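For reference, the structure discussed in these notes is given below.
Each reported figure results from applying straightforward, stated rules to the coordinates on display, with no laboratory input. Since we're looking at a predicted model, the values are computed, not measured. Here Cβ is always computed from backbone atoms with ideal geometry, including for glycine, and neighbour counts include all displayed protein chains.
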Amino acid sequence: MVIVHVHVHVKAECVDMFREASIENARNSIQEPGIARFDVIQQADDPTRFVLVEVYRTPDDPAHHKKTAHYQKWAETVTDMMAAPRRKVVFDNIFPGDEGWG
């Protein structure tokens, strides 16, 4: 498993539009065979900050995800909503192993 946390800071006036676009992307993303989980979380004390928690089955799956129409639509839609460039942090899964992720 490869876990990616994408940190996003959006403009205050774009929070609702960003949420909507990201939820649509997540709904489509979880249909991909290479994605075990895809969460959209919003910071409780600062609603302009989000983290996308993406859990991929293999190291190749993030690249496959970025080629999908729904990802490309999301990326184009939200680019101007961001207050700062998004950043990602990649993690390796330690526990649970593959048996713990759907």
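Could you list all residues from the range 17-32 that are buried (at least 16 other Cβ atoms within 10 Å of the Cβ) and without any contact (Cβ under 8 Å) to a residue 40 or more places away in the chain? Steps first, please.
Within the range 17-32, the first condition is being buried (at least 16 other Cβ atoms within 10 Å of the Cβ), and the residues that meet it are 18, 21-22, 25-26, 28-29, 32.
Selection gives ALA26, GLU32.
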* Is it true that PHE50 is under 19 Å from VAL2 (Cα atoms) and of a type outside the set (Val, Ile, Thr)? -> no
* **Residue count, the range 1-16 (criterion: loosely packed, with under 15 Cβ neighbours inside 10 Å and among the aliphatic types (A, V, I, L, M))** => 1
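Do the conditions hold for PHE91, that is, is it outside any helix (DSSP H, G or I) and aromatic (Phe, Trp, Tyr)?
So PHE91 fits the description; yes.
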* Are any of the residues in the range 47-64 farther than 19 Å from ARG86 by Cβ, exposed (fewer than 11 other Cβ atoms within 10 Å of the Cβ) and charged (D, E, K, R)? -> no
* Asked: So ALA84 fits all but one of (1) closer than 13 Å to VAL6 by Cα; (2) touching a residue at least 24 places away in the same chain (Cβ under 8 Å); (3) outside any loop (DSSP other than H, G, I, E, B); what number is the exception?
  -> (3)
* Asked: What is the number of the single condition among (1) out of contact with any His (no Cβ under 8 Å at 6 or more places or on another chain); (2) crowded, with 17+ Cβ neighbours inside 10 Å that ILE35 does not meet?
  -> (1)
